[in-house]
Structures are given as structure tokens and as C-alpha cells.
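Following: one structure in C-alpha cells, then a few remarks.
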Amino acid sequence: HLPMQNIITLKDLREKMPVYARLVQKGQAFIVFKRSHPLFRITPLTDEAWEELIDFTKIKRGGVEIDELLARL
């Protein structure tokens, strides 16, 4: 079970996304609720769950826009 401080509302997540993104990056997990019902869990990625295929920031500073990428497929 997660501590009570790790239960947040969808509204709070929307309003404070950068704050929660930093906390997740530091290893915290959150359950997001809407109207007293759990919607989803936000957890940090593990090395096992993520495989980098290509770093688009090495192709173009700031990354590549999704529309540009899809147009090349």
C-alpha cells in the first residue's frame, strides 16, 4: 500500500504536473483518483521496462516533432 500522501486527485496532478514529474523521477509512485475512484498509478520507469532505441535529441537539438517523424514513415 502507498502512504496517504501518495494518493492524489486528477485535478491536483493537472495543476502540479511538473512537481509530480520530479517526484516520480526521484522514485516516488502515486495513485491518481477522480471522484473517490482510483484511475491509474504513476510509477517510475525501471531499467528493465525501458529500452532506448534511438535518442532523437542527438538527431536534432530538442528532439524531433512527432508529425515530422510520422511523415517519414
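The values are calculated or read from the model by the stated rules, or taken from the named source; none is laboratory data. All values reported here derive from a predicted model rather than from experimental measurement. Every residue, glycine among them, receives a Cβ derived from its backbone with ideal geometry; neighbour counts consider all protein chains shown. The accessibility values were calculated without ligands, DNA or RNA, using every heavy atom of the protein model including side chains. Shrake-Rupley method; radii C 1.70, N 1.55, O 1.52, S 1.80 Å.
Remarks
- Selected residue (only one of Lys26, Lys16 is at pLDDT below 95 and open to solvent by 50 Å² or more (accessible area, probe 1.4 Å)): Lys26
- Given (1) at pLDDT below 85; (2) surrounded by 10 or more Cβ atoms within 10 Å (Cβ to Cβ); (3) not in a loop (DSSP other than H, G, I, E, B), number of the condition Glu48 does not satisfy: (2)
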